[in-house]
Structures are given as structure tokens and as C-alpha cells.
Amino acid sequence: MKKYVGTGLLLAAGLLVNAACSNSEPAKQVIFFLGDGMGMTTLTAARIYSVGEDGELTIDTLPDTAFVKTFSNDAQVTDSAPSMAAYMTGVKMNNEVLSMSSDTLAVAPGKDATTGLSGAVNNCTSSNGKAVQTLMEAAIARNWGTGVVTTARLTHATPAVTYAHVCHRDAEYEIARQAVPGGAGFNAALGTGVDVLMGGVSQYWVPFNAAGSTAEKKGRPDGRNLIEEMKKQGYSFVSDKPGLDAVVSGVNTRVLGLFDQAIAQGHMSYDLDRDPAKEPSLAEMTVKAMDVLIKKNKSYFLMVEGGRIDHALHATNGKRALQDTVAFDNAIKAALAKARETDPDLKNTLVVVTADHDHTLVLQGYAARTGKTTTSSPGILGLLRNYTDGSVAKDADGSTFTIMAFGNGPNRISDRKVMTLLDDATAGGNDYLQESAIRLSSETHGGADVFLGAIGMNSDLFQGVVENISVYGLLRKAVGL
């Protein structure tokens, strides 16, 4: 079993600040938004999709901006684990590694001998690196409130970085138990636990059931029901929008929200497919998390992830990727409005918005302006039309093509001379996968820099071109953490 550096050792190393906040200090609100895979091209395309070329997303209005280098310790193109960990710890680590020291090697978890479940055995050893403090742990050491909100499953790499330490992101059975106060394997640096945890449910929270359905057979081989354990620790458990709406915020309120209806899949629905009566939006989860944390009458740190932007891009499903980016932007807008209820000038609030990495999405050709996507027009999702006369453009083989494409992915046409000509109805469909130059079963991340925007308390610290590990120090400096 992996041994983690505990809070006491971190204190001895001088890595933590004083545990108590001064009563004279006003409560601070720190919200870190992470659009998973939300590169500049995705942002640009989402803007055009939602409000047209000359429109404006909320993220476009953030007054202080920077560009962030995303390479990891061992790779030019990072995955989400070390890129998010760079923001949360200030440490460069290897691909697949979560909140560990730079010398930690990624060791994939093994298969459980009894159940045959892959990833159920944590193969990390105590000699393979050590845990490094996260921003969330630093906030808890100062008696701040804390929260994690995501549209991915809670044990996925980006949210897991904030509260767990493992040598491989796939060790999700291990990640889940680190969030459970009082339970075996709990991350003691979380004090009494993270106040708000919301995202998709998965097999990592519930016990294995050999006689159950296919979904139940993917449960925990150790037999633990982590949801029930969290409830015994005082968490209000909610699994749908009506349940979330019913949560009454108070000084002692803590929430575990797991919203996916299909336990085998894990993540929440894409925004395009979400049933708003059953599943809350990212904006609704964000506002509820803020309300819970505000009612605690102390400073707080909240991380909000638009996790499914990345998943749609991996599938080269442009429409779902852009819709989830817009949903992410709506969460930023809602958070700013909520923050201004108690801090109108954002003097004690810092909101930072960025991405962990890019993807291979491109906007190609000399397209005429499309305006926003509507029920009658596919907009940027549609065929490329020449800006000179509006005619449908064709490639050198006489075939039509779309404005959006990918560097790699599953939909590569081997011979465009004989392909069925694309039309707007097909290209603008919910399930259309944009073409790619190189055929891969799943599209990869890209290595370009990403955008960062900030507003509020000391947001002017975020300027220029910075490394992802530098963002960590800027965050702590901005809020005095």
C-alpha cells in the first residue's frame, strides 16, 4: 500500500501556513475553473457556435489574461493528471501521475485476483516518490471550506488531483477511498474531509456484487460502500437535480453529489443530452456548491471542471464539445453573479479560468462568416463556404468538407475522391464526427499553450506566458494562502 506524506511531515517541512485564519480578515472566495482540453481553437469555435464571430462569451470578458505552457515532466504533450497537478501543487510530474513528486514513476494498477477487475489493485510502493501538498490541502490547513465540482466522475484525473495522491491516474478504487473521512486509506491532509464533492458516480464508490448486474459487478472488490460511509460522516447524499435543489445550506452542511444514472459509465451526461429535470447543469452545481461554502462563514477554495469537453474532443464529436464548452462558460457566468451577491466588486474573490491542455481541433480554409449555430443553420459545424462568393468549397478531389477538423481521430476518409459528399444536415448532426488527417481510434491531446483568464482579487498577477507550475504560486500569492 502506498504511504503518503502526512500533514505533520508537511508542517515539519515548512510547507503549510498557519492553521487558523485571522478573525479580522474578510472571507475569501477562490474559484478555479478548469475546462478539460479546452484549447484556444475550441474556445474560438464555441464562441462562434454560441454567439457568432463578433459575440462574446463570459470567459472573453475576464480582464487579466495569460498563456500557459502545458508540457509535463516527461512529455511534450501532457495528459490531464500532471497538467492539473501542476496547477494544484506547483510540481512538474510525469504523465499519468497524480499529486506526487517529480521522481514518481507511473505504475498502472493491477487486476484483482478474485473479481478479475482491472485497476483494482494499487501497484504503487512507498519507495516510488512521495505525496506533495495540494492547494486544497493548504486551504484545509487554514480552516477554509473546500469543494470539487465536475461533470466527469469524481475519481477522474482532474478532480482527483485536488484530494488524492497516486502514482497512476487509473488507480480509481484507491482514489475514491482517499476522499472518505474516517475510512481506511483516507488522506489525512484533508482534515475532516472536503465539504462539497459533486460529479458522476461510478463503480469505485459501491461494493462488488457477484450476483448483480453487469454494472454492479464492476463495484469495489473490498466490499466497501463509500457512499454509505460518507453519509455516516455527515454528508448529505444527492443523486439527481431535485435532491440537489432540496439541500439546505448551513454552517455544518456537507454534500456528496453523484449524478450519473448509469453507474457503469460514470461520467455525467453531455450537456446536449442532459435531462434538465433529472441532472443538474454545471452552472447549477457550481452555484449550489458556492451557496454551501458561503454559508460556512469562512474563506473557501472551489475547483470546477468542465470535464466532458475533453471526452467529446477525443471522440472528434465537435457539436458536443462546443455545447459543453458553452455550458462551462455558463457556469463561470453564474459563479460571478453568485459571488457578486456578497462581494459586489470582487475585492475578496478570485476567479481563475484555464485549461489543462489542448487538442488537435483546427478551423481550416477561408470560410465565410457563419454566425452562431441555430436550428436552421449549422454555423461553424457546417460545410466550408468561400468567403468570396458563399459557394460551397471543394477540395482538390472535388469533395466537400467542413470548417472544423482534427489532426487525428477515428473518422479519416482514405479516398475522398469516392466519398459520399457531405452536406450541412450531416455535418451539423449531434453525432457527426469531424474528419481527421491521421486515423486513430481516439483523438489525442495537443501540445499548444492554453488560455488563462482571471478576475477579482489580485487577478493582475496573471500576465504573460507562464509555465503551468507557476500558476500554483500565483494563486497562493493572490489570496495569501
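The values are calculated or read from the model by the stated rules, or taken from the named source; none is laboratory data. Keep in mind that what you see is a predicted model, and the values were worked out from it rather than measured. Neighbour counts run over all protein chains shown; Cβ positions are idealised from the backbone, glycine included. These accessible areas exclude ligands, DNA and RNA; they are computed on the full protein's heavy atoms, side chains included. Shrake-Rupley method; radii C 1.70, N 1.55, O 1.52, S 1.80 Å.
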So how tilted is helix 40-51 from the main axis of the chain? Cα-based, degrees 0 to 90, rounded to 10.
70 degrees
So for each of 405-412, 49-56 I average, over its residues, the number of other beta carbons within 10 Å; can you give me the resulting order with the highest mean first?
405-412, 49-56
Among S126, G447, G473 - extreme Cα towards positive end, dipole of the chain, charges at beta-carbon:
S126
To two decimal places, what compactness ratio does segment 89-145 give when its Cα radius of gyration is scaled by 2.2 N^0.38 Å?
1.43
On a 0 to 90° scale, report how tilted helix 80-89 is relative to the longest principal axis of the chain, with both axes built from alpha carbons and the result rounded to the nearest 10.
50 degrees
All other residues with a Cβ under 10 Å from the Cβ of Y173 taken together, and with Lys, Arg as +1 and Asp, Glu as -1, what is their net charge?
-2
Over segment 188-299, what per residue volume does the convex hull of the Cα atoms give, in whole Å³?
115 Å³
Which percent, nearest 5, of DSSP beta bridges in the chain are antiparallel?
35 percent
Calculate the FRET efficiency for K231 and A277 from the Cβ-Cβ distance with a Förster distance of 25 Å, rounded to the nearest 0.05.
0.55
What value, in deg cm²/dmol to 500, does the helix sum -39500 (n - 2.57) over DSSP H runs of n ≥ 4 give at 222 nm once divided by the residues of the chain?
-7500 deg cm²/dmol
Could you list which residues have their amide H under 5 Å from that of G145, counting only those 5 or more apart in sequence or on another chain, with H placed in the peptide plane?
S299, Y300, F301
Counting only residues 5 or more apart in sequence or on a different chain, those whose built amide H sits under 5 Å from that of L361 are G407
Could you tell me what percent of the accessible area of segment 98-195 is made up of carbon and sulfur, with a 1.4 Å probe and every protein chain present?
49 percent
Partners for K130 among lysines (Cα-Cα distance below 24 Å; same-chain residues under 8 apart left out):
K2, K3, K92, K111
Taking H placed 1.01 Å from N in the peptide plane, check which residues at least 5 places from V238 or on another chain put their amide H under 5 Å from its amide H.
L256, G257, L258
Pairs of alpha carbons in the chain whose separation is greater than 32 Å (percent)
39 percent
Expected vector for segment 233-239, Karplus 3J(HN,Hα) from phi with 6.51, -1.76, 1.60 and θ = phi - 60°, integer Hz, x for Gly and Pro, equals 8, x, 7, 7, 9, 10, 10
Given a 1.4 Å probe, the accessible area of the chain per residue, as a whole number of Å², is 38 Å²
Separation of the A448 and V418 label points, Cα + 7 Å toward Cβ, nm:
3.5 nm
Could you run the Karplus curve 6.51 cos²θ - 1.76 cosθ + 1.60 with θ = phi - 60° over segment 143-149 and give me ³J(HN,Hα) per residue in whole Hz, x for Gly and Pro?
6, 7, x, 9, x, 10, 10
For the pair S102 and N411, what calculated FRET efficiency results from E = 1/(1 + (r/R0)^6), where r is the Cβ-Cβ distance and R0 = 41 Å, to the nearest 0.05?
0.65
With 26 Å as the limit, write out which pairs from K298/K338; K288/K347; K347/K372; K28/K333; K232/K298; K231/K288 have Cα-Cα distances beyond it, or answer none.
K347/K372
Whole-Hz ³J(HN,Hα) for each residue in segment 115-124, computed from phi via Karplus 6.51 cos²θ - 1.76 cosθ + 1.60 with θ = phi - 60°, x for glycine and proline: what do you get?
8, x, 6, 6, x, 8, 10, 6, 8, 5
Percent accessible area from carbon and sulfur atoms, segment 349-412, protein chains only, probe 1.4 Å
49 percent
